[in-house]
1. Hey, among Gln280, Gln238, which residue is open to solvent by 100 Å² or more (accessible area, probe 1.4 Å) and in a helix (DSSP H, G or I)?
2. Looking at Leu196, Leu135, can you tell me which residue is open to solvent by 50 Å² or more (accessible area, probe 1.4 Å), within 17 Å of Ser115 (Cα to Cα) and in a loop (DSSP other than H, G, I, E, B)?
3. Please verify whether Ser214 is of a type outside the set (D, E, K, R), within 19 Å of the chain's Cα centre (by Cα) and not in a helix (DSSP H, G or I), treating the condition exactly as stated.
4. For residues in segment 18-44 being modelled with pLDDT under 80, open to solvent by 80 Å² or more (accessible area, probe 1.4 Å) and of a type outside the set (Lys, Arg), which is nearest to the chain's Cα centre (by Cα)?
5. Condition first: open to solvent by less than 50 Å² (accessible area, probe 1.4 Å) and part of a helix (DSSP H, G or I). Now tell me which residues in segment 72-93 satisfy that.
6. Within segment 143-172, track down each residue that is open to solvent by 70 Å² or more (accessible area, probe 1.4 Å), more than 17 Å from Thr133 (Cα to Cα), of a type in the set (D, E, K, R) and more than 35 Å from the chain's Cα centre (by Cα).
7. Specify the residue that is surrounded by the most Cβ atoms within 10 Å (Cβ to Cβ); the eligible residues are those in segment 94-114 that are touching a strand residue (DSSP E or B) at 6+ places or on another chain (Cβ under 6 Å) and not in a strand (DSSP E or B).
Amino acid sequence: AEYFTDAYKLYEQWGATRKCSELKERYSDYIIENRQFTGSKNFSLTISATTTDMYSGQSLDLQSVVKSSVAISGEIQFESLLSKLMQIMMENAGAEKGVLLLRDGEGLFVEAEHSLGKGEMRTMMHEPLETYTNLPRSVIYFAERTREILVLNCATKDTRFAIDKYVQENAIKSVFCVPILKQGALSGILYLETNLSEGAFTPDRLQTIGLLSSQAAISLDNALLYQSLEEKVRDRTQELAHANDELAEKNKHITESITYSLNIQQAMLPSLDSLKMSFQDHFVLFMPKDIVSGDFFWHTTKNDSTLFAVADCTGHGVPGALMSMIGIN
């Protein structure tokens, strides 16, 4: 009865009225409405993390999680998603700097970097982790190998990473490294840091980022798929454009050849001046459908006789024009 009553009170505080009604209907014998709730008024979700020191008593802001999750899931353009993802993750974690790495084939590549101190956001970098020096690679390799969230309250004091060149040169304090998993497979790693204080990444922030990382994995996968489809469409469009250009060029040469054939055909036909000598009133309507024609007219004068003919040869276009040449001869 105690657990049923506590559950009922929690749902009631959350505003889940339909769930409360269902509990009252199914477990009315176990719910004591006037009983004081014995559990904590704030509840939290837990995630697996490796940390040198953990705090307690923090609560998870579900409203912030839902709002951030909706913002991430609503973006389909890969570059825009990278930018929005970095901003949301850093705001929820309270980080000064963030780096997002994504797996491509067998390796990890740095795709986005956001630094509040420098006031700059870089995306679509696609730089191999092995050549990127602006983050502690030892931390990334650890997260890649263990696939567990790593929290360092003071990186310079942790013997596992204190010898890292980046950690030493920048005197790194708080570090938060989150593997992004999709169906158990590593699809990327989110690295966050801040030098404002030690232990800056509190449990409520860890839980928020842990939950958002699941949505991030799905959104990144969808965005990459969409980008791949866009690239295929773009490549296909370029292929079609190239093919159209080739067809247009070939059509131009064919048309030029046919037009030249028309000049030859017209040179073989009687001149209009010769017709004027034989006919006082006349006209010639010669309009080939395909530039050149199988039709032709013929005229000659012998002694006192004038001979005039209009003929139609089999075929049209270039074949018909060749037949007209035979007919004229």
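The values are calculated or read from the model by the stated rules, or taken from the named source; none is laboratory data. On a predicted model such as this, the values are computed, not experimentally measured, just so you know. Glycine gets a Cβ as well: all are built from the backbone with ideal geometry, and neighbour counts include every protein chain shown. Heavy atoms of the whole protein, side chains included, go into the accessibility calculation; ligands, DNA and RNA do not. Shrake-Rupley method; radii C 1.70, N 1.55, O 1.52, S 1.80 Å.
1. Among Gln280, Gln238, only Gln238 is open to solvent by 100 Å² or more (accessible area, probe 1.4 Å) and in a helix (DSSP H, G or I).
2. Leu196
3. No, not satisfied.
4. Among residues in segment 18-44 that are modelled with pLDDT under 80, open to solvent by 80 Å² or more (accessible area, probe 1.4 Å) and of a type outside the set (Lys, Arg), the one nearest to the chain's Cα centre (by Cα) is Phe43.
5. Selection gives Ile72, Phe78, Leu81, Leu82, Ser83, Leu85, Met86, Ile88, Met89, Met90, Asn92, Ala93.
6. Lys157, Arg160
7. Here the answer is Ala95.
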